[in-house]
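The values are calculated or read from the model by the stated rules, or taken from the named source; none is laboratory data. On a predicted model such as this, the values are computed, not experimentally measured, just so you know. Please note: Cβ atoms are built from the backbone with ideal geometry, for glycine as well, and neighbour counts cover all protein chains shown.
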């Protein structure tokens, strides 16, 4: 029997039986969809829901959209329902690609408009003439957990969330390589976190995308502005929220803090009322030739 998705219980959905159907009701953006779950694929988080709102607000009609690190295909489906002519979904996890295809079909979308491929970041689509330089928008809600010591066994959704030193592999690939897949004036919109080092993210954005908007103080990403007010900047934080650090991240906390200290980054988590929170940054960048 389908379950109505509750954002406050998002962590619980990682352990429910594979094949369970979630009814995701996004009434505030006048859309809803169905998602089939898989225990090796991350289900939507509250900030993925917020990313969905941005996709609807941007409008995907007749656009080519990429869902980079697609997971369940949640963002792909929203783009498809918004009228995208083509959605390109990539993920390292083969189960994620399988579920992206299944959830696309579950929402009665045209299979010919989805190109879903297993790929280590952009590796499988580099040099593809129908993709490089052809994408209007890239959206990404990437994995953010750092590597722990020892071999990684990719069994659960949490295992697939482990993403290299500082949890930065997908984040950095998008910043350093994403512009090659965009049309002129194309954009990326992605989520980054304080756990990964906000100064590192800021420095890479400046290097690969040009001038951006930075906050005064220790954390250059600790702000949010309306995209249209950025002036001549090529990138900016367009949404900033504090998210309660889930129990899933507690085993990683020592590594997160060590990475932050070694890299000279701002404090990776903040404490409020006896609870730990991570900062979530929604970052938009525009390709300017």
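Miscellaneous remarks
- For the range 132-147, taking the residues that are touching a residue at least 60 places away in the same chain (Cβ under 8 Å), buried (at least 19 other Cβ atoms within 10 Å of the Cβ) and farther than 14 Å from residue 188 by Cβ, the one that is farthest from the chain's Cα centre (by Cα) is identified as 146.
- Selection within the range 75-97: residues that are touching a residue at least 40 places away in the same chain (Cβ under 8 Å) and closer than 23 Å to residue 177 by Cβ. The member of this set that is surrounded by the fewest Cβ atoms within 10 Å (Cβ to Cβ) is 92.
- Applying the criterion of at least 3 residues that are touching a residue at least 24 places away in the same chain (Cβ under 8 Å) to the strands (runs of 3 or more DSSP E) found wholly in the range 206-289 leaves 235-244, 275-286.
- Test: residue in the range 188-202 that is in a strand (DSSP E or B) and closer than 14 Å to residue 265 by Cβ: yes
- Restricting attention to the range 148-166, the residues that are free of Cβ contacts under 8 Å to residues at least 40 places away in the same chain and touching a helix residue (DSSP H, G or I) at 6+ places or on another chain (Cβ under 9 Å) add up to 6.
- Odd one out for residue 83, checked against (1) under 24 Å from residue 197 (Cα atoms); (2) in a loop (DSSP other than H, G, I, E, B); (3) out of contact with any helix residue (DSSP H, G or I) (no Cβ under 9 Å at 6 or more places or on another chain): (1)
- Unique residue being closer than 21 Å to residue 279 by Cα, out of contact with any helix residue (DSSP H, G or I) (no Cβ under 6 Å at 6 or more places or on another chain) and touching a residue at least 60 places away in the same chain (Cβ under 8 Å) when the list is 194, 184: 194
- The set of residues from the range 98-115 being part of a helix (DSSP H, G or I), under 13 Å from residue 77 (Cα atoms) and touching a residue at least 24 places away in the same chain (Cβ under 8 Å) comprises 99, 100, 101, 102, 103, 104, 106, 113.
- Counting only strands (runs of 3 or more DSSP E) that fall entirely inside the range 2-73 and contain at least 1 residues that are over 19 Å from residue 280 (Cα atoms) and free of Cβ contacts under 8 Å to residues at least 24 places away in the same chain, the qualifying elements are 21-26, 31-36.
- The range 117-131 - residue that is within 26 Å of residue 47 (Cβ to Cβ) and in contact (Cβ under 8 Å) with a residue 40 or more places away in the chain and, of those, surrounded by the fewest Cβ atoms within 10 Å (Cβ to Cβ): 125
- Qualifying position, being modelled with pLDDT of 95 or more and either buried (at least 19 other Cβ atoms within 10 Å of the Cβ) or on the phi > 0 side of the Ramachandran plot (or both), among 185, 203, 218, 222: 185
- Output for the range 164-175, where each listed residue is out of contact with any strand residue (DSSP E or B) (no Cβ under 6 Å at 6 or more places or on another chain) and over 16 Å from residue 66 (Cα atoms): 164, 165, 166, 168, 169, 172
- Of all residues making up the range 228-257, the number that are buried (at least 17 other Cβ atoms within 10 Å of the Cβ) and more than 13 Å from residue 278 (Cβ to Cβ): 9
- The range 151-174, residues that are under 14 Å from the mean Cα position of the chain (by Cα) and either under 21 Å from residue 130 (Cα atoms) or assigned to a loop (DSSP other than H, G, I, E, B) (or both): 161, 163, 168, 173, 174
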